[in-house]
1. I need the Debye-formula profile for region 49-98: one equal scatterer per C-alpha, no solvent, reported as log10 I(q)/I(0) at q = 0.20, 0.26, 0.27 1/Å, two decimals.
2. State, as an integer percentage, the relative contact order of region 57-109 based on alpha-carbon contacts under 8 Å between residues 6 or more apart.
3. Considering every pair of different Cα atoms, what Kirkwood radius, in Å, is found for region 13-92?
4. Kindly write out, for region 33-40 in residue order, the coupling ³J(HN,Hα) from the Karplus curve 6.51 cos²θ - 1.76 cosθ + 1.60 (θ = phi - 60°), rounded to whole Hz, with x marking Gly and Pro.
5. Please give me the summed charge of the neighbours of residue 57: other residues whose Cβ is under 14 Å from its Cβ, Lys and Arg +1, Asp and Glu -1.
6. So what are the ³J(HN,Hα) numbers for region 54-59, from phi and the Karplus equation (6.51, -1.76, 1.60; θ = phi - 60°), rounded to whole Hz, Gly and Pro as x?
Amino acid sequence: MMEAMSDPPAGPWPPSEPIELPIDGVLDLHAFPPRQVKALVTDYLAACQERGILLVRIIHGKGIGALRRTVHALLSRHPEVIEFGLDHALFSGAGATVVRLRPPQARTVN
């Protein structure tokens, strides 16, 4: 599990305690404020990669496309991303991005 701040259905923002996100290869950004997206996506991709989850779906919604553009800009500069693109039209289409990550590197101990 990864800790992240989420906007609960009711109550003050920001919430007083972090919530745990399941690391299952699907990240839904709807509950998070835009200022948290960069750190959240970066940390989530690293957690997935560590667990061998190399195909990740990031749900950003369709809207006016601002969040999608932010996510795509981040992914285009991320060194562990092999490729990414919008989800298949049968699923979310323009509302989600599918990301393929590099396999985790074996670490050697000197």
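No lab work stands behind these numbers, since they all come straight from the coordinates. This structure is a prediction, so every number in the text was calculated from the model and none was measured. Quick reminder, even Gly has a Cβ in these numbers, built from the backbone with ideal geometry, and neighbours come from all protein chains shown.
1. The Cα Debye sum returns log10 ratios of -0.68, -1.02, -1.07.
2. 41
3. It is 13.5 Å.
4. Here the 3J(HN,Hα) series is x, x, 5, 9, 4, 4, 5, 5 Hz.
5. -2
6. Here the 3J(HN,Hα) series is 9, 10, 10, 10, 10, 8 Hz.
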